[in-house]
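Remarks on the structure that follows.
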Amino acid sequence: MVNNAESIRTLQETSARHDHTLASIESQLAKQEQWNTATNTTLQEMSLLLQNLSVQLGVSMTPSASGDFTANSSAPRAKTKVRQENDASFPFPPKPIQVELPIFTGEDPEEWLASAQDFFEFYGTEDHHRVTMASFRMTGTARKWFR
């Protein structure tokens, strides 16, 4: 049979293990709180930097219903109309217009260049990407000439 002395010793050992575990958990909690504080500080600094950059770039940041920020650019990027969430003129959101860059076979280059210019302006394509994108839509003699 187990005597009282053994029971007390077992209880003390168990209590000591629990005390050690509790101290470890408290230490981890303190470290987690420090990490959370540092992360929040960094997040606030980054948010301030983002707001400053947004002002410099002419982009206004507005909070959405979920608390996230969305960018509303005043700089012209593309000729697309952004549908407002409260726009009740359509029961269903209209499908976005899809403009395609026509394939250039080497025939009627002026017409193709005009279409390509419209395409690039519609999507706000930067100048340094236009030649590369256009080369993807060349076939036949036009592709051989481009290479």
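Just so it is clear, none of the values below were taken in a lab; they were calculated from the coordinates. Predicted model, so just to flag it, every value in this text is computed and none were measured. Glycine gets a Cβ as well: all are built from the backbone with ideal geometry, and neighbour counts include every protein chain shown.
Report the full-extension gain for the segment Tyr123 to Lys95: residue separation times 0.36 nm, less the Cα-Cα distance, to one decimal in nm.
Difference between extended and current length: 8.5 nm.
For the pair Gln34/Thr132, report the inter-label distance in nm, with labels modelled 7 Å from Cα in the Cβ direction.
Those two pseudo-labels are separated by 4.5 nm.
Please give, to one decimal in nm, the separation of the simple spin-label points placed at Leu48 and Arg17, each 7 Å out from Cα toward the Cβ.
Placing both labels 7 Å along Cα→Cβ, they lie 5.0 nm apart.
Principal axes first, then extents: for the Cα atoms of segment 1-55, list largest minus smallest coordinate on each axis, whole Å, largest first.
Computed over segment 1-55, the largest-to-smallest principal extents equal 79, 12, 7 Å.
Based on the Cβ-Cβ distance from Val59 to Glu111, what FRET efficiency comes out when R0 is 30 Å, to the nearest 0.05? It would help to have the intermediate numbers written out before the result.
On the way: r = 36 Å, r/R0 = 1.20.
So, using R0 = 30 Å, E works out to roughly 0.25.
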